[in-house]
Amino acid sequence: MPERFSAREAIALVTDDFTPAVVAAPTGPDAADQPVRADGPIGWAGYDDSRARAAERTGEDESVLHGTATVGGRPCVLVAFEFGFLGGSLGRAAGDRLVAAYRTAVERRLPLVSLVATGGSRMQEGMVALVQLQRVAAETVRLRAAGLPHVAVLRDPATGGGWATVGAGADVVLALPAAQVAFAGSRVRPADADPVAYTAEDQYAHGHVDAIVPPDRLGETLTLWLRLLSPAPTGPRSPAPAPLPRALGALAPAGTGWDAVVRARAAERPRAGAYLDDYFEVRATIRGDRAGGVDPGMECGFGLREGRVVAYAAQDGGATRPAGFRTAARLVRLADRLGVPVLTLIDTPGAANDAEAERAGAGPAIADAFAAVAGARTPVTSVLIGEGGSGGALALAAPDNTWATPDGYFSVIAPELAAAILKRPPEQVPETAGQLRLRPEDLLELGIVRGIV
């Protein structure tokens, strides 16, 4: 069974201190300022009594608490849902508090942390409750436009509109072990539904959650994410490009094009993990494409390099799947919004081309990665550390700022495939590799890379 925490317990679990906000509904054209009526906005019989019992049971006057806090010494705006108060449901007053929290984050230029435990929208308020999701969505857009991060923690349960807006709308999504995480709550699912599909672990497996974090590590994990994502005190960052990593493999030039291919494919050559470990002091991973897919061969996240934050997207040497390209695009766009420089490490024989990859949208996913890199305003630095097979590799390469290590190669197509297309026998594959001009030295001469690391 998942471990459940009240809002106050969850706050105590992760914060150094918490200062509740003075509750006041926002003003303006989007304010939910209808007059208070007996039994709520639609006159649901007994609603006032239900609220009174919930308040007596929990000690809270609504399902959402918000205020300012520090986590690991870092300031933030914090939202916590109280599931004991009518199932942590969203109504008009809860919506007011969420709007106030998002706006406080923007006004004070602070990251937002939400501790989500909710059953969805409050049926006793009808459509007045449901439209709170639109208000939250609008504030999410404003938060993103301000270049401010949102980290959500999914407690048990995190379902309905609260998951589909506050939770799933966050930049980084953490979840407690075994928590229910789903759009459909436990009482509205099909009778024959697989219960596993409604768990944090399954959401993690399918790329909707970045990490499963046990309660005793939640504070330190949030502290790290706030350290990596917190905005600069005076406004958006204006970063210089990420510094180049050092080459970890062979340093001497490859004699021929085929020599370069063989060396790049060698099992003992350092892969992305070795480069990331060598480059960063500490790092944290984002996972999945938020569309149901995870590519374990694409590592993405944020890390500290000599005390400076750098985002990274790194291929690990295998064929990159559509989910990998979409995850990389997600990473680049998030870093761009936060003003964080990006480092991409290129190492793939090419994009996955099996039937499953085609059905998962290989072409659109590659196009999305190209667009994310091309449209980035933050500096993107790319390093070819191994194989650079066709468009699946080029999609992660920064125009005019791509470098190569001596044991990499970049090619319009694999030499074997080029020979097959040209109807050449297998023994002519090495010669074909040479004709493709794919060595780092060739790439430098052709102006494809800026230099050899």
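The values are calculated or read from the model by the stated rules, or taken from the named source; none is laboratory data. As the structure is a computational prediction, the values presented were derived from the model and not from experiment. Virtual Cβ from ideal backbone geometry, glycine too; neighbours counted across all protein chains shown.
Tabulated data
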| quantity | calculated |
| --- | --- |
| Every residue from region 57-74 that is within 14 Å of THR118 (Cβ to Cβ) and part of a loop (DSSP other than H, G, I, E, B) | GLU60, GLU62, SER63 |
| Odd one out for GLU358, checked against (1) free of Cβ contacts under 8 Å to residues at least 12 places away in the same chain; (2) within 21 Å of the chain's Cα centre (by Cα) | (2) |
| Test for SER230: is it among the hydroxyl-bearing types (Ser, Thr, Tyr) and under 23 Å from LEU143 (Cα atoms) | yes |
| Test for LEU133: is it hydrophobic (A, V, I, L, M, F, W, C) and within 18 Å of CYS76 (Cβ to Cβ) | no |
| Test: residue in region 81-99 that is within 18 Å of GLN132 (Cα to Cα), in a strand (DSSP E or B) and among the β-branched types (Val, Ile, Thr) | no |
| Region 243-265, residues that are surrounded by 13 or more Cβ atoms within 10 Å (Cβ to Cβ), of a type in the set (A, V, I, L, M, F, W, C) and in a loop (DSSP other than H, G, I, E, B) | LEU244, ALA247, LEU248, ALA250, ALA254 |
| ALA193 buried (at least 17 other Cβ atoms within 10 Å of the Cβ) and modelled with pLDDT under 95 | no |
| Matching entry among LEU343, LEU444 (being touching a Phe, Trp or Tyr at 6+ places or on another chain (Cβ under 9 Å) and either of a type in the set (Val, Ile, Thr) or touching a residue at least 12 places away in the same chain (Cβ under 8 Å) (or both)) | LEU343 |
| Out of LEU78, LEU65, sole residue that is within 20 Å of SER121 (Cα to Cα) and either surrounded by 24 or more Cβ atoms within 10 Å (Cβ to Cβ) or acidic (Asp, Glu) (or both) | LEU65 |
| Single match in ALA284, ALA311, ALA371 (criterion: assigned to a strand (DSSP E or B), modelled with pLDDT of 95 or more, surrounded by fewer than 24 Cβ atoms within 10 Å (Cβ to Cβ) and within 18 Å of the chain's Cα centre (by Cα)) | ALA284 |
| Qualifying residue in region 157-169 (condition: among the β-branched types (Val, Ile, Thr), touching a residue at least 60 places away in the same chain (Cβ under 8 Å) and more than 15 Å from ALA117 (Cβ to Cβ)) | no |
| Qualifying positions in region 294-308 - in a loop (DSSP other than H, G, I, E, B), modelled with pLDDT of 95 or more and surrounded by fewer than 24 Cβ atoms within 10 Å (Cβ to Cβ) | VAL294, PRO296, GLY297 |
| Residue in region 124-163 that is surrounded by the fewest Cβ atoms within 10 Å (Cβ to Cβ), counting only those that are within 22 Å of the chain's Cα centre (by Cα) and assigned to a loop (DSSP other than H, G, I, E, B) | ALA146 |
| Qualifying positions in region 73-97 - among the polar types (S, T, N, Q) and under 16 Å from TRP225 (Cα atoms) | none |
| Any hit, region 112-123, residues being surrounded by fewer than 21 Cβ atoms within 10 Å (Cβ to Cβ), in a helix (DSSP H, G or I) and in contact with a strand residue (DSSP E or B) (Cβ under 7 Å, 6 or more places away or on another chain) | no |
| Any hit, region 360-370, residues being under 28 Å from THR256 (Cβ atoms) and among the β-branched types (Val, Ile, Thr) | no |
| Close pairs (6 angstrom Cβ cut-off, 6 or more residues apart or separate chains): aromatic (Phe, Trp, Tyr) in region 180-199, part of a strand (DSSP E or B) and surrounded by 12 or more Cβ atoms within 10 Å (Cβ to Cβ) anywhere | TYR198/GLN180; TYR198/ALA182 |
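One line per residue, one yes/no per condition, for (1) assigned to a loop (DSSP other than H, G, I, E, B); (2) small (Gly, Ala, Ser); (3) crowded, with 20+ Cβ neighbours inside 10 Å:
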position: GLU356; (1), (2), (3): no, no, no
position: LEU384; (1), (2), (3): no, no, yes
position: ALA398; (1), (2), (3): yes, yes, yes
position: LEU417; (1), (2), (3): no, no, no
position: GLY434; (1), (2), (3): no, yes, no
